[in-house]
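**Q** Right, I'll just put the structure down here and ask away after.
Quick note: the coordinates plus some simple rules give every number you see, no bench work behind them. Computed from a prediction, not measured in an experiment: that's the story for all the values here. All Cβ positions, even for glycine, are placed from backbone atoms using ideal geometry, and neighbour counts span all protein chains on display.
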Ligand SMILES: [Zn+2]
Ligand SMILES: [Zn+2]
């Protein structure tokens, strides 16, 4: 597997640009009465707080049949092949423990499969008594003719009532939004090309 | 191996670096026999393209022999290949549409973030260029790792020399696509700004596509002379009012199509320039759009505008009014090289296209820094530099 590299000075410059635009946009936002809902996915709303949950999600179109993508998620042992942020997956029947890499080390999230519609949707929810309340869902739809499958993945999470959110803070430190997007792109690369692009000239030692 | 590496503005060196290896199944390793310095390498040399790191290996125009293949490569050891500068998977939606420079799967995931912030989307990986396009080690070296080697490289039959086919890697298809993007109709008047390699190949291509008259605009006498030899009329903007001349030379109508083969040149776009501009609140990384602005003014009503010249940032005083009111069409983009490889190789083998007239200097790889210095400083005589790793230094 290749090493992650970031172009920090560049990213900072670009970020500075977008921050400027963001300030202007938020000024516009703070006006007007409540509006009727629009057609956009909820997670793209210009509000924070989704009933106390943090949400992150992303859609990617993959030139592969729904069944192939469904199979990958239904038996998630192999997700570590392309998910760089996933240290391990332990599957036992309907129970799946996801071991996530965070800047502070590994985090184990115990979940149970709560929704399973073949070639359409899969969802996992944290088990009773877990420190964190989390749900992850993958939905599959046919893309416009010839483009394959639209894969939508999202997670929603919040600390259990009464528990100080140190755990949630660690998850946030892992930047689930960007990480989720990047993992989906890796999945797309793997399914469409059989490999994950790297500009590294050498195999990792 | 030895390789030409970037260390900062006007600082390139030939260093010893680790040899490349097969990393992914579709990779191949090529031993370079010829590689060229490109006008866009000068953007890197001038440090006006963001996202380069000290030690990066430059070079995106190269060819050579296959010396090693991954298990999924379709190349064979010993194959002689020219490698497109765009890295494309061949399987994604964009590759299927032959929009190879928009490939979804060749720019490493973690390198796409800056482009997504700046442009909305990330483009394909490119050899020897910015980390925004993957930061892939380039071909101004003894060896190069070529990803997706079953899609990009074009196998060259024995016969033609390296110099006859090398420019299939970038500037020939780029000039060709520039003319195609101008949608040349038989008899058209076409104006081309910039008689660098891409401008010259655009002139050649426009004439092959049936243009009635091609007018080339530059100020370097030798480059204008090359344009004239290809069959273009020429305008030296140091001695002539370009807009007036173009009107007079097109029956008072204006050119049917215009091609900006200049690009942003030296007034560029860099993280530093961005930050400075942001602080001053006067605008952001203004690309120098002088040629493009003039092209939009010159082109006839309802005409076509093709932009092969490279831009990276934002434009100040862009004549959006001329664009809309005159009903113009613009087409641009990094070249979809793989779309044109076969046809252009065929035209070279048939003797319809000659590209060797462009080459002014041949140097050893060890002399590459001299090549950069002179290609940058003496643009009139140094029209194109070809580096040959097999050649002795100083010869
Ligand atoms: Zn080039
Ligand atoms: Zn592709």
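**Q** Across the residues of B:100-109, average count of Cβ atoms on other protein chains within 10 Å?
**A** Whole-number average of other-chain Cβ neighbours for B:100-109 is 6.
**Q** Let me ask another. Between residue B:238 and residue B:297, how many nm apart are label points set 7 Å from Cα along the C-beta direction?
**A** A separation of 2.1 nm, rounded to one decimal place.
**Q** Can you give the extra length, in nm with one decimal, that the chain gains between residue B:219 and residue B:380 once fully stretched, where that is 0.36 nm per residue apart less the Cα-Cα distance?
**A** Net length gain for the segment: 57.1 nm.
**Q** Okay, next question. Modelled label-to-label distance, residue A:203 and residue B:229, 7 Å Cα→beta-carbon offset: nm?
**A** 4.9
**Q** Can you give the alpha-carbon Rg of segment B:24-99 over 2.2 N^0.38 Å, where N counts its residues?
**A** Ratio of Cα Rg to 2.2 N^0.38 Å: 1.30.
**Q** Rounded to the nearest 5, what % of DSSP beta bridges with both residues in the protein assembly as shown are antiparallel?
**A** 75
**Q** Next question, about the same structure. Determine one quarter of the surface area of the Cα convex hull of the protein assembly as shown, which equals its mean projected area, and express it in nm² to one decimal.
**A** Computing the convex hull of the Cα atoms and averaging its projections yields 30.5 nm².
**Q** Can you give me the distance in nm between label points at residue B:65 and residue B:97, each placed 7 Å from the Cα along the Cα-to-Cβ direction?
**A** Inter-label distance under the simple model: 4.1 nm.
**Q** Right, something else. Is the shape of segment A:27-152 best called rounded, prolate or oblate, per the rule: a/c under 1.5 gives rounded, else a/b larger than b/c gives prolate, else oblate, with a ≥ b ≥ c the square roots of the Cα gyration tensor eigenvalues?
**A** Working: a/c = 2.01, a/b = 1.24, b/c = 1.61.
Judged from the Cα gyration tensor, segment A:27-152 comes out oblate (a/c at least 1.5, b/c at or above a/b).
**Q** Here is a further query. Would you mind pulling out the separation of the Cα centroids of segment B:351-373 and segment B:228-254, in Å?
**A** Each part's Cα centre sits 29 Å from the other's.
**Q** More than 25 Å apart: what percent of Cα pairs in chain B qualify?
**A** Values: 42549 of 77815 pairs.
Every Cα pair in chain B considered, those over 25 Å come to 55 percent.
**Q** Please check: in the Gaussian network model of chain B (C-alpha springs, under 10 Å), which one of B:316, B:27, B:104 has the largest mean-square fluctuation.
**A** In the Gaussian network model the winner is B:316.
**Q** Can you tell me the order of B:249-256, B:133-140 when each peptide is scored by its average per-residue count of other Cβ atoms within 10 angstrom, highest first?
**A** Highest mean packing first, the order is B:133-140, B:249-256.
**Q** Roughly how far apart, in whole Å, are the Cα centres of segment A:127-155 and segment A:86-107?
**A** Distance between centres, Cα-based: 17 Å.
**Q** Something else about it: Most exposed first by the Cβ proxy, i.e. fewest other Cβ within 10 Å, how do B:121, B:361 rank?
**A** B:121, B:361
**Q** Between segment A:40-83 and segment B:1-73, how far is it from one alpha carbon centroid to the other, in angstrom?
**A** Segment A:40-83 and segment B:1-73 have Cα centres separated by 36 Å.
**Q** Let me ask something else about it. Mind checking the full-extension length gain between residue A:47 and residue A:147? Use 0.36 nm per residue of separation minus the Cα-Cα distance, one decimal, nm.
**A** The residue A:47-residue A:147 span can extend by a further 32.8 nm.
**Q** Where does each of B:6-18, A:57-69 land if you order them by average Cβ count within 10 Å, highest first?
**A** Listed from highest to lowest mean packing, they are A:57-69, B:6-18.
**Q** Still on this structure: State the three equivalent ellipsoid semi-axes of segment B:1-149, derived from the C-alpha gyration tensor as the square roots of 5 times its eigenvalues, in descending order and whole Å.
**A** Semi-axis lengths for segment B:1-149 are 22, 21, 12 Å.
**Q** Among B:117, B:226, which comes first, then next, by fewest other beta-carbon atoms within 10 Å?
**A** Final ranking by Cβ density, sparse to dense: B:117, B:226.
**Q** Please state the Cα pair-distance histogram of segment B:193-262 with 10 angstrom bins from zero: what percent is in each bin?
**A** Pair shares across the bins are 21, 59, 20.
**Q** Follow-up question, since we're still on this one. When Cβ neighbours within 10 Å are restricted to other protein chains, what is their mean count per residue of peptide B:89-96?
**A** Details: counts 6, 2, 7, 9, 9, 0, 3, 3.
Partner Cβ neighbours, averaged per residue: 5.
**Q** Still on this structure: PRE reach from residue B:342 (point 7 Å along Cα→Cβ): which of segment B:150-177 fall under 16 Å by backbone N?
**A** Hits in segment B:150-177 for residue B:342 at 16 Å: B:150-157.
**Q** Can you run the Rg to Rh ratio on segment B:86-196? Use alpha carbon positions and the Kirkwood inverse-distance Rh.
**A** Reported Rg/Rh (Cα atoms, Kirkwood Rh): 1.01.
**Q** Cβ neighbours within 10 Å, averaged per peptide: list A:143-155, A:192-204 in order, most packed at the top.
**A** A:192-204, A:143-155
**Q** Can you sort A:83, B:63 by how many other beta carbons sit within 10 Å, fewest first?
**A** On the way: A:83 21, B:63 25.
By the 10 Å Cβ count, ascending, the order reads A:83, B:63.
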